[in-house]
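Here, each number is a calculation from the coordinates, and none is a lab measurement. Everything numeric in this text was worked out from a predicted model, so none of it was measured. Using ideal geometry, Cβ is built from the backbone for each residue, glycine included, and neighbour counts are taken over all protein chains shown.
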Amino acid sequence: MLLNALAFIVMIGVLVVIHEYGHYRVAVACDVKVLRFSVGFGRVLWSRMRGETEFVISALPLGGYVKMLDEREGVVDPTELHRAFNRKPVLQRAMVVVAGPVANLLLAILLYASVNWAGVSELRPWFAQPRAASLVAQAGMRSQDEIVALKRDVQGGDGRADDAAEWHAIRSMNDLQWWLTSSALSAHDIVLRVQSRSAPDQAPRGERELHVNLSQIKASEVDGELMDRIGLTGPYAEPLVSQTLDGGPAQKAGLRKGDKVLLINGVVPADATQLRQVIRESQRNGQPLPLNLQVQRGQEVLELSLTPVMKDVQGKMLPRIEAGLGGAVATVDVRYGFLEGLTLALDKTWGMARMSLEMLGKMVVGQVSVKNLSGPLAIADLAGQSARLGWVYYIGALALVSVSLG
């Protein structure tokens, strides 16, 4: 909780300073007299005069403002009328107004570029078995498929698919989520280029192109659950036991860390996701059903039986064997050179700004719920979570919020 609060205060402080500094610098450049530069609202905690401007830090760190000389807010000395904001030409006033958002967008570009240059370890888009009957399952995606590229399935003037549409390389889960979200918002179907491989460091067994009817997703359904909604249940992990809880059904049945589940109730689990799904479905009328497992332990194959216990999971009673399931998931180090990193930062900032405007427009006409707006608590949670992951992730979160302010 304390980390969330500190990370939030630092994040809002940086973004407000940059935003208001944009207004301030352009106002000064246009010879507008700036009376006060305030970070925060309410009771003044600290102040200092620099030249003709009072710089202030106030008690409530949820914003800030730049107060300029203006006849609409009080009497102005006749000798300073030429420096009043309301007396400046329309173009100069417009420049002062937009300077804050522009400063935030420039900050976002710099922050995204810094993340690209520094590099970050991200989840590799190598997927577990998709949910049955989902959009990606219908397209033909299987366990151990890795998404390596994506293009929008746009139509040419003759109504046929445009084969010249640009392919976009997918290096990480973040890349994929970005393209899925932007494509779903614009109601485009997509084509995925996937490679099937049995291990992260092995050559692919083959490459396929899958057509996904993403346009079936409503704009109101484009949110943080989009990947799960289309059937991408998570990264591939072997159906291994990673740990057992003391006294739980798994430990009592003899399961151990490192055991590989070969069969569960006659089903060969393709991965840890499918293994968990079989366990979740092992109930009838709110009562758990027995599970028969075949596991490999070293060179030995064992037959084990257990009965799960019902546990409350986010408000639902589900069968649990009280064991951690799944081996290590594959990650990839994403790092770019100077020019490529800067170019991608420009593209991402522009794309994020455009997508935010699209989302806002759909909210106005009722196509998207206002629940997609993030308030202070959501931003604080984002700040805290990213700070726990490390400074590179925190900078990425800072860039995301900076685009939103822009």
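One table, with the values for the structure above:
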item	result
Identified option (computed Cα extents along the principal axes in Å; candidates (1) 93, 60, 42; (2) 75, 43, 41; (3) 62, 41, 40)	(1)
From phi via Karplus (6.51, -1.76, 1.60), per-residue ³J(HN,Hα) for the range 290-307 in Hz, x at Gly/Pro	x, 10, 10, 10, 10, 10, 9, 10, x, 8, 9, 10, 10, 9, 10, 10, 7, 10
Relative contact order of the range 241-325, defined on C-alpha pairs under 8 angstrom at six or more residues apart (%)	36
Projected label distance in nm at Leu262 and Asp228, using a 7 Å step from Cα toward the beta-carbon	3.3
Span-rule helices in the chain, defined as complete DSSP H runs reaching 15 Å or more along the axis (Cα) with Kyte mean at least 0.0	2-29, 90-118, 173-185, 338-364, 376-389, 391-405
Inter-probe distance in nm under a simple model that places probes 7 Å from Cα toward Cβ, at Glu71 and Phe41	2.9
